[in-house]
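The values are calculated or read from the model by the stated rules, or taken from the named source; none is laboratory data. Since the model is a prediction, treat every value here as computed from it, not as a measurement. Quick reminder, even Gly has a Cβ in these numbers, built from the backbone with ideal geometry, and neighbours come from all protein chains shown.
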Amino acid sequence: MAPLQVVRPHAQAEPLLRARGVTLEYRSGDHAVRATQDVDFDVFGGDRFVLLGPSGCGKSSLLKAVGGFLQPAAGTVSLNGHVVTRPGPDRIAVFQEFDQLPPWKTVLQNVMFPLLASKSAGRAEARERARHWIARVGLERFEHAYPHTLSGGMKQRVAIARALAMQPAVLLMDEPFAALDALTRRTMQEELIRLWAEAPFTLLFVTHSIEEALVVGNRILLLSPHPGRVRAELNSHQFGLHSAGGAEFQQAVERTHDLLFGVPPESHVETAERIAL
């Protein structure tokens, strides 16, 4: 089988997003709970970069730090060479909750709203861009529908259309399909990959599913159990939804599981050797 490989830096390319020594903590009174410890990673333009690890490893906290909602206790997150200090329209998030859409707004109004609120577009342009992305996710017949009339998968399509209409530098997705049934989840994975293939965007995707990480991502950062530390970084571009169920894919799932939950390697070099075997 083709082995999982540790990712090498892109030739002659600077990362779009860079995390260096990122330690994240949550404080409660005099106590601090450490979510991540000294995490490094680079995301390049057009990457589908996945943060993978068990519950409590800090992957969602890292997404919040990239979004500018959580400041590191140590280390930095930078985008296009600038340190992230606050939220901005260049980083738009899609969450797993279905109630992320204001229920009093139609599909069209929901997709237009961030464009108008951020003054990224006038009303006419916002309407045009919103309709374009609503059509791209296959909901053109539901422009005037309200969220309560939509299924879970349709609501997530609206959330994705709303995010991509903003043309963010990085699309942040925090387990966006976790609350969906298995069939809808697969359909949404297919939709996401199709959208990316038509017009590649940069994606930072959080999941605790090894299978989802392998099919959605082209690069995967493995995080240890709490507090999250980097276990390894994998290249998974050879896999897709067509791979699921195959022997090579299942072997990759097992090897990734071993890297996540086995005895931690003593160094990154040993990680590379183990993965390449």
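Return yes when Ala126 is crowded, with 19+ Cβ neighbours inside 10 Å and assigned to a loop (DSSP other than H, G, I, E, B) and no when it is not.
In short, no.
Please state which of the following conditions Arg185 fails to meet, knowing it meets all the rest: (1) over 19 Å from Gly46 (Cβ atoms); (2) surrounded by fewer than 19 Cβ atoms within 10 Å (Cβ to Cβ); (3) of a type outside the set (S, T, N, Q); (4) modelled with pLDDT under 95.
It is condition (2) that Arg185 fails.
Looking only at the stretch 114-123, which residues are hydrophobic (A, V, I, L, M, F, W, C) and either on the phi > 0 side of the Ramachandran plot or part of a loop (DSSP other than H, G, I, E, B) (or both)?
Ala121
In the stretch 241-277, how many residues are in a helix (DSSP H, G or I), in contact with a Pro (Cβ under 8 Å, 6 or more places away or on another chain) and at pLDDT below 50?
Total meeting the criteria: 4.
With respect to Pro89, is the statement that it is exposed (fewer than 14 other Cβ atoms within 10 Å of the Cβ) and either under 17 Å from the mean Cα position of the chain (by Cα) or more than 15 Å from Met173 (Cβ to Cβ) (or both) true?
No; evaluated as a whole, the condition is false for this residue.
If only one of Phe177, Phe201, Phe142, Phe205 is of a type in the set (Phe, Trp, Tyr) and farther than 29 Å from Arg18 by Cα, which one is it?
Phe142
Look through Gly56, Gly67 and report the one residue that is farther than 30 Å from Leu115 by Cβ and not β-branched (Val, Ile, Thr). Before you say what the answer is, go through the steps one by one.
On the way: Gly67 fails: farther than 30 Å from Leu115 by Cβ.
The match here is Gly56.
Could you figure out which of (1) small (Gly, Ala, Ser); (2) over 30 Å from Arg131 (Cα atoms); (3) at pLDDT 95 or above; (4) in contact with a Leu (Cβ under 8 Å, 6 or more places away or on another chain) isn't true of Gly67?
Of (1) small (Gly, Ala, Ser); (2) over 30 Å from Arg131 (Cα atoms); (3) at pLDDT 95 or above; (4) in contact with a Leu (Cβ under 8 Å, 6 or more places away or on another chain), only one is false for Gly67: (2).
Can you give me the number of residues within the stretch 1-54 that are assigned to a strand (DSSP E or B), at pLDDT below 85 and among the β-branched types (Val, Ile, Thr)?
1
Just checking, how many residues over the stretch 24-33 are surrounded by fewer than 18 Cβ atoms within 10 Å (Cβ to Cβ) and closer than 20 Å to Val84 by Cα?
Filtering the stretch 24-33 down to residues surrounded by fewer than 18 Cβ atoms within 10 Å (Cβ to Cβ) leaves 26-33.
The next check asks that each one be closer than 20 Å to Val84 by Cα; those that pass are 26.
Qualifying residue count, the stretch 24-33: 1.
Please find, within the stretch 95-113, the residue that is surrounded by the most Cβ atoms within 10 Å (Cβ to Cβ) out of those that are part of a loop (DSSP other than H, G, I, E, B) and within 24 Å of the chain's Cα centre (by Cα).
Looking at residues that are part of a loop (DSSP other than H, G, I, E, B) and within 24 Å of the chain's Cα centre (by Cα), I get Leu101.
Within the stretch 129-157, track down each residue that is touching a Lys or Arg at 6+ places or on another chain (Cβ under 8 Å), of a type in the set (A, V, I, L, M, F, W, C) and not in a helix (DSSP H, G or I).
Val137, Leu139
Condition (residue is buried (at least 23 other Cβ atoms within 10 Å of the Cβ), under 26 Å from Arg127 (Cβ atoms) and at pLDDT 95 or above) applied to the stretch 205-221: is it met by at least one residue?
Looking through the stretch 205-221, none of the residues is buried (at least 23 other Cβ atoms within 10 Å of the Cβ), under 26 Å from Arg127 (Cβ atoms) and at pLDDT 95 or above.
Which residue out of Phe239, Phe249, Phe177, Phe201 is over 19 Å from the mean Cα position of the chain (by Cα) and either in contact (Cβ under 8 Å) with a residue 12 or more places away in the chain or surrounded by fewer than 19 Cβ atoms within 10 Å (Cβ to Cβ) (or both)?
Result: Phe249 is the single residue among Phe239, Phe249, Phe177, Phe201 that is over 19 Å from the mean Cα position of the chain (by Cα) and either in contact (Cβ under 8 Å) with a residue 12 or more places away in the chain or surrounded by fewer than 19 Cβ atoms within 10 Å (Cβ to Cβ) (or both).
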